[in-house]
Amino acid sequence: MKYLLIGLGLVPLLRLVVLGYQDDLSANPIEYITRSTGTWALVFLCLTLAITPIRRFSGWNGLIQYRRTLGLFVYFYAVLHFMIWFWLDHNWSLAQMWADVIKRPFITMGFTSLLLLTPLALTSNQWSVRQLKRRWGQLHRLIYVIAILVILHYVWHKSGKNDYGTVSIYAGVIFVLLMLRLKR
C-alpha cells in the first residue's frame with residue numbers, strides 16, 4: 001500500500017513532465033508549473049493533516065503509517081515549488097531571491113513555511129524519532145504553524161487578483177482540520 005501511495009504521489013509530477021513534453025503547459029508555463037507544484041504541496045498538507053481525524057473517527061489505526069509518506073510529499077512538492085521559482089523567476093540569484101522574500105509578504109510566508117518544513121522532513125525517520133523522543137512530537141507540531149503560514153502565503157498571493165474562491169476552500173479545510181485538533 002505504501003508503494004501505491006508513493007506512485008500516486010508522483011502522478012502530479014509525471015503529469016507536469018508529460019504536459020511539458022507535449023508543450024501543453026498553458027500560455028505561461030513557468031506560472032503553471034510553479035502554481036501546480038504549490039497546489040500539490042497544499043493538497044498533500046491537507047491529506048497529512050486529515051490522517052489523525054479520519055483515524056480517530058473511523059478507528060482505522062493503520063492509517064497512521066501513511067502520514068509520514070504524505071508529509072514527505074508536502075516537502076517534496078514545496079521544494080519543487082521553491083526551486084522552480086528560484087530557478088525560473090530568479091535565475092539562481094540569491095540576491096534577487098532574498099530581495100523578493102523581503103519585499104513581498106506572500107513570498108515571505110512561503111519561504112518561512114519551507115524553512116520550517118525542512119527540519120520536519122529531515123527528522124521523518126525512525127532514527128530521529130528514537131533520538132529526539134518527546135521533542136520529536138513537539139518539533140512535528142510545527143506542522144500546525146506551517147499550515148497557517150501556507151494559507152497566508154496563498155491568500156496574500158491571490159489578494160493581488162481578488163481571487164479568493166479556491167483559496168477559501170483550502171483555508172476552510174485547513175481550519176476544520178486544525179479545529180478538530182483543538183477540540184481534542
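Coordinate-derived values only; no laboratory data. A quick note: this is a predicted structure, and the numbers were derived from the prediction, not measured. A quick note on method: Cβ atoms are made from the backbone with ideal geometry, for glycine too, and the neighbour counts reach across all protein chains shown.
Structural remarks
- Neighbour-count order for Trp127, Trp156, Trp85, fewest beta carbons within 10 angstrom listed first: Trp127, Trp156, Trp85
- Here's the picture: charge each Lys and Arg Cβ at +1 and each Asp and Glu Cβ at -1 in the stretch 135-184, and of Tyr154, Thr166, His140 the one pushed furthest to the positive end of that dipole is His140.
- Estimated from helices alone, the mean residue ellipticity of the chain at 222 nm is -27000 deg cm²/dmol (sum of -39500 (n - 2.57) over DSSP H runs with n ≥ 4, per residue).
- Rel. contact order, % - alpha carbon contacts under 8 angstrom, at least six apart, the stretch 2-183: 21 percent
- Cβ-to-Cβ counts within 10 Å put Tyr144, Tyr154 in ascending order as Tyr144, Tyr154, the fewest first.
- The slack in the chain from Met1 to Leu19, taken as 0.36 nm per residue of separation less the alpha-carbon distance, amounts to 3.7 nm.
- Counting beta carbons within 10 Å around each of Ser159, Ser113 and listing the fewest first gives the order Ser159, Ser113.
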